[in-house]
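Here is the structure we will look at.
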């Protein structure tokens, strides 16, 4: 049985890809908003380790569960009235435990090429709604994000 690449390997390979992408994006004037560039780098790096969210032992699953629980609690805090801090803390831990320990199958849906295309399209669309860039840029940014995601699937296939 092959040993799975570590999250460090996924991030290292993606860093090489990102270096090439950043040089191309800047040299061919596909990006002039540095905040957007930082988001692309962050999301591409995130996507290079995201597929392992379906693994119980993965760090990304633990961090992502914490992040989702935090976001949901902040949302509930500002949109609903809570009786006490205890209800917020209890809610956070229930949501965290739900996401952290929800049964999944490794190399399931998050390791499918069609899911990577769908997920990257959604993420690129969100960026497009926030930054209103051209369709050409949409396609380029989509490819940047997709290359981060697919680098994970490629390394796992080796």
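What follows draws every value from the coordinates through simple rules; no lab data is involved. These numbers come from a predicted model, not from an experiment. Counting neighbours? That spans all protein chains shown, and the Cβs are built from the backbone with ideal geometry, glycine included.
Would you list 97, 49, 73 from fewest to most Cβ contacts within 10 Å? Don't jump to the answer; show the numbers that get you there.
Working: 97 12, 49 24, 73 18.
Neighbour counts put them in this order, fewest first: 97, 73, 49.
Can you sort 119, 16, 138, 93 from fewest to most other Cβ atoms within 10 Å of each residue's own Cβ?
Working: 119 19, 16 10, 138 16, 93 13.
Least to most surrounded, the residues fall as 16, 93, 138, 119.
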Rounded to the nearest 10, the angle in degrees between the Cα long axis of helix 135-157 and the longest principal axis of the Cα atoms of the chain comes to 70
Principal-axis tilt of helix 85-101 within the chain, Cα atoms, nearest 10 degrees: 50
Would you mind checking the tilt of helix 34-49 against the longest principal axis of the Cα atoms of the chain, expressed as 0 to 90 degrees and rounded to 10? 70
Tell me whether the range 1-65 comes out rounded, prolate or oblate; compute the Cα gyration tensor, take square roots of the eigenvalues as a ≥ b ≥ c, and use a/c under 1.5 as the rounded threshold. oblate
State whether the range 56-158 is rounded, prolate or oblate according to the following rule on the C-alpha gyration tensor (a ≥ b ≥ c being the square roots of its eigenvalues): a/c under 1.5 gives rounded; otherwise a/b larger than b/c gives prolate, and the remaining case gives oblate. oblate
Taking the number of other C-beta atoms within 10 Å as the exposure measure, put 21, 7, 114 in order starting with the fewest. 114, 7, 21
The range 1-47 and the range 120-158 have their Cα centres apart by a whole-number Å value of 10
Using Cα pairs closer than 8 Å and at least 6 residues apart in sequence, work out the relative contact order for the chain, in percent. 36
